[in-house]
Each structure stands twice: as structure tokens, then as C-alpha cells.
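Data block below; observations after.
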Amino acid sequence: LELHTFPTRRSSDLRVYCDDLTIDGQTNNITFELDPPCLTHCANSPGTCTITTKGCAEMDDGTGFLRMEGNGIMVRNLTVRHFYEGIHSAGVGNTVERMMFSDMCDDALTNRDEGVGTLFRNVEVDNGCDKCIQHAGNVSLITETDPASNDYYNAVMEDVILVDCKKPIRLAAGGRFM
């Protein structure tokens with residue numbers, strides 16, 4: 001397995017292109033934390049972004065944690081703090097579960113237009129500066145016709161807790177969500 005960062009609009013996102021990968025912190029209490037935190041970026045880099053409520057940094061090209069570009073990827077049992085973006089899912093049948101996100105400056109969870117059957121389960125997002133969850137979807141990519149299947153939806157959210165989020169959920173650009 002090779003994981004690489006690619007220069008993109010979000011300068012340091014970790015992108016995973018392989019299928020059927022599991023990233024599991026198990027019971028090891030693993031925390032990923034951006035240093036310096038996005039919450040203090042503006043104070044250290046005047047002129048590069050705007051400070052908004054709660055000292056949050058508002059900018060369009062902040063560092064993201066993970067982009068899942070493959071299918072059947074599972075990420076679970078981790079804590080993610082102080083990133084601009086959390087996890088983006090663009091594949092089919094990806095799962096994010098038993099995760100904690102805190103002090104995120106933009107989206108903690110995102111289902112991108114290409115995402116189908118993404119499951120976000122047992123997730124908590126605390127102290128979100130902007131949108132804690134942003135989902136988009138393209139219904140024409142959905143081939144499942146049974147509403148009991150997760151693949152009938154672009155994204156499914158189960159047991160998701162949002163605490164102190166400026167904009168808890170934003171559904172944009174179409175899609176089917178449960």
C-alpha cells in the first residue's frame with residue numbers, strides 16, 4: 001500500500017486510490033492533529049485568510065485529512081482535530097465509522113458528487129467552524145433500486161452527532177441521502 005499527498009486545490013490532502021482498504025485505529029486511541037491548527041492559522045499568517053467566529057480561519061485551500069477516491073474503503077476508530085477538511089468520499093460503498101472530529105475549520109465529512117452508498121456511522125463532530133457535513137451526489141450514478149440498500153443513496157448517515165456546528169449539514173448539488 002502506498003499513500004501519497006498530491007498538490008491539489010487543497011494543498012496537502014492525503015488521497016487513497018485503492019479499493020477495499022481498511023484504516024482502523026482499533027482501540028489504540030489514535031489522534032491525527034494538524035499542526036499548526038487551522039484555528040490559529042490566521043493569527044500566525046496575517047492576510048492569508050479571514051478570522052471568523054470562534055477564531056476560525058476561513059480560507060479555500062486549507063489542509064484536508066483524507067480523500068477516499070477508491071471503492072469499499074473503511075476508515076474507523078480515529079480522532080481528527082484542527083484540520084480545514086476532514087474526510088471526503090468519492091467512491092462506491094465507502095464507510096466512515098466510530099470517528100471523532102473536533103475543531104474543524106470547514107467540513108468534517110463530505111460525500112462528493114461521485115460518492116454512492118457512502119455510510120457515515122457513529123460519528124461525532126464537535127466545534128465546527130463552518131459546515132460540519134457537506135454532501136453532494138449524482139443520482140444518475142446510482143444503480144441500486146432497493147431503498148433498503150445503502151447503495152440506493154449517495155450517502156447514509158446513522159448515529160451522527162453534531163455539537164456546536166455553525167452549519168450542521170449542507171446538502172448541495174443534488175443527490176439522494178438518508
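The values are calculated or read from the model by the stated rules, or taken from the named source; none is laboratory data. All values derive from a computational prediction rather than experimental measurement. Neighbour counts are summed over all protein chains in view; Cβ atoms, including those assigned to glycine, are modelled from backbone coordinates with ideal geometry. These accessible areas exclude ligands, DNA and RNA; they are computed on the full protein's heavy atoms, side chains included. Shrake-Rupley method; radii C 1.70, N 1.55, O 1.52, S 1.80 Å.
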Over region 16-51, the set of residues modelled with pLDDT under 60 and assigned to a loop (DSSP other than H, G, I, E, B) is Ser45, Pro46, Gly47, Thr48, Cys49
Output the residues belonging to region 137-178 that are in contact with a Ser or Thr (Cβ under 8 Å, 6 or more places away or on another chain) and among the aliphatic types (A, V, I, L, M).
Ala155, Val156
Exclusive hit being closer than 27 Å to Thr27 by Cβ and not in a strand (DSSP E or B), set Phe83, Phe120, Phe101:
Phe83
Can you pull out the residues in region 160-178 that are out of contact with any Asp or Glu (no Cβ under 9 Å at 6 or more places or on another chain) and loosely packed, with under 14 Cβ neighbours inside 10 Å?
Ala172
Could you list, in sequence order, the residues of region 103-126 that are surrounded by 19 or more Cβ atoms within 10 Å (Cβ to Cβ) and of a type outside the set (A, V, I, L, M)?
Asp103, Cys105, Asp106, Asp107, Thr110, Asn111, Arg112, Gly115, Gly117, Thr118, Phe120
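How about region 126-165: which of its residues are in a strand (DSSP E or B), in contact with a Gly (Cβ under 8 Å, 6 or more places away or on another chain) and under 18 Å from Gly64 (Cβ atoms)?
His135, Ala155, Cys165
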Need pairs with beta-carbon distance below 7 Å; first residue open to solvent by less than 10 Å² (accessible area, probe 1.4 Å) and within region 62-75, second among the aliphatic types (A, V, I, L, M) and not in a strand (DSSP E or B); sequence gap 6+ or separate chains.
Met68/Ala90; Gly70/Leu21; Ile73/Leu21
